[in-house]
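Each value in this text was obtained by applying a stated rule to the coordinates, not by laboratory testing. This one's a predicted model, so the numbers in the text were calculated from it and none came from an experiment. For neighbour counting, all protein chains shown are included, and Cβ atoms are generated from backbone atoms with ideal geometry for every residue, glycine included.
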Amino acid sequence: MSITHRNHYVPQFYLKNWSQDGNKLWVYSLLVPHSKVHLWEEKSIEYLAVWNDFYTRNNGEKEVDDFERWFNQEFETPTKPIIQKLLEGKTIFRKEEILLTHYVMAQDLRVPARVNFILDEAKKSVKNFMDSFSFENVKEEDILKSRHDENNDILPISVHLDKEKQEVEMTTFVGKGVYLYALKYLLTSTVKKVEHYRWHVIHAADGISFPTSDDPVILLNYYNKNNYDFKGGWGVKHVNIIMPLSPKCLLLSEIGTKATVRQFDYSKEWSEFFRRIIIEHAYRYVYADSKQKGMLSINPRRVNEKLYKEERKTMNDWHEYNTKAERELMK
């Protein structure tokens, strides 16, 4: 089978909800190389939210795109008709609501904006994992056996037993392999702990259009309209999880509360607030069905050619750099 190298970290079917013709939408870039770049540009969805070989990995000597296929089969394909039902104003069943939770969590974790956060957390977890080992509780045959486990196949970790010194030496490279391992764990194990979340559809008031972004899931700590942050977490009580579904609808779940959400629906005041935080939360791009006003006052773009080129290079080198480092580790 051919390998999918073009990894869409925000699905095309989702972005099409902001397209007038099913092919293009309007893009506001938050980082640009020079000031001559237009504030808004109409671009093809095919080329948006794409990172070549973001998830592609090496299984031994062979490249595989199992994560791209996994995202499609487990999260995107089952959820596409559920989102369509919500956009049509239909009620979804409990099983569909659970699938929707899986999709939202996957979308939160699979974007470039989350890579550094997950890797920083992974460094702490890997260190704790390594520190918990001792010579007495690990056997060489168990290590060899564990290498055939499908999840351990993702994690680049080298283990050496020195029987004379009675020491265990463990080495890893915190990069793509660790990131993918964390994704697999979070979306197969941790996700089961949040399946009880309930979702509400909030509609925009007349004259207001919700945009979306390259980081569409917002974990909001809300205190008042002038005091909030985006440092919320899954499983943390009173965190609001928000995700736009279309220019006229967004998903909302407030963890650990049964509070009514009627005051948000079709409210001009709340619609303006939701629109603002969607734009503020964007990582590098805001996507919309039409040019939106007031962007520079909500989230002004940065004109920085050096940083722009550095980020392009990091993305272009991501697969080759990580593959080489992980191969060297496992020799």
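What fraction of the DSSP beta bridges in the chain is antiparallel, stated in percent and rounded to the nearest 5? All intermediate terms of the calculation are to be shown ahead of the outcome.
Details: 38 of 40 bridges.
Restricted to the chain, the bridges split so that about 95 percent are antiparallel.
For a test of the definition: using alpha carbon positions, the gyration tensor, and the 1.5 limit on a/c, classify segment 164-251 as rounded, prolate or oblate. Prolate is the answer for segment 164-251, as a/c is 1.5 or above and a/b outweighs b/c.
Taking max minus min of the alpha-carbon positions on each principal axis, the chain gives extents of 74, 49, 42 Å, largest first.
Explain nothing, just the number: dipole magnitude of the chain about its Cα centre with +1 on each Lys and Arg Cβ and -1 on each Asp and Glu Cβ, in debye rounded to the nearest 20.
On the way: 49 positive and 48 negative charges, 241 e Å.
Value, rounded to 20: 1160 debye.
Working from label points 7 Å from Cα in the Cα-to-Cβ sense, the Glu310 to Tyr222 distance is 3.6 nm.
A simple packing score, the average count of other Cβ atoms within 10 Å per residue, orders the peptides 54-60, 99-105 as 99-105, 54-60, with the highest score first. The angle separating the long axis of helix 77-87 from the principal Cα axis of greatest extent in the chain is about 20 degrees. Pairs of Cα atoms nearer than 8 Å and 6+ residues apart set the relative contact order; for segment 7-330 it is 25 percent. Pairing the Cα long axis of helix 176-188 with the longest principal axis of the chain, what angle in degrees results, from 0 to 90 and rounded to the nearest 10? Helix 176-188 sits roughly 70 degrees off the main axis of the chain. Listed cross-link partners Lys36/Lys231; Lys176/Lys313; Lys16/Lys237; Lys231/Lys293 are compared with a 23 Å cut-off, the Cα-Cα value being larger for Lys36/Lys231; Lys16/Lys237; Lys231/Lys293. The angle separating the long axis of helix 268-281 from the principal Cα axis of greatest extent in the chain is about 30 degrees.
Charge dipole (Cα centre; +1 on Lys/Arg Cβ, -1 on Asp/Glu Cβ; no other charges) of segment 275-320 amounts to roughly 320 debye.
Would you kindly state how much longer the chain becomes between Tyr266 and Asp120 on full extension, computed as 0.36 nm times their sequence separation minus their alpha carbon distance, in nm to one decimal?
Numbers: separation 146, 0.36 × 146 = 52.56 nm, distance 3.93 nm.
Working it through step by step, the gained length comes to 48.6 nm.
Distance from a point 7 Å along Cα→Cβ of Tyr185 to each backbone N in segment 59-87: keep the residues under 19 Å and list them by number. Counting only backbone N, you get 67.
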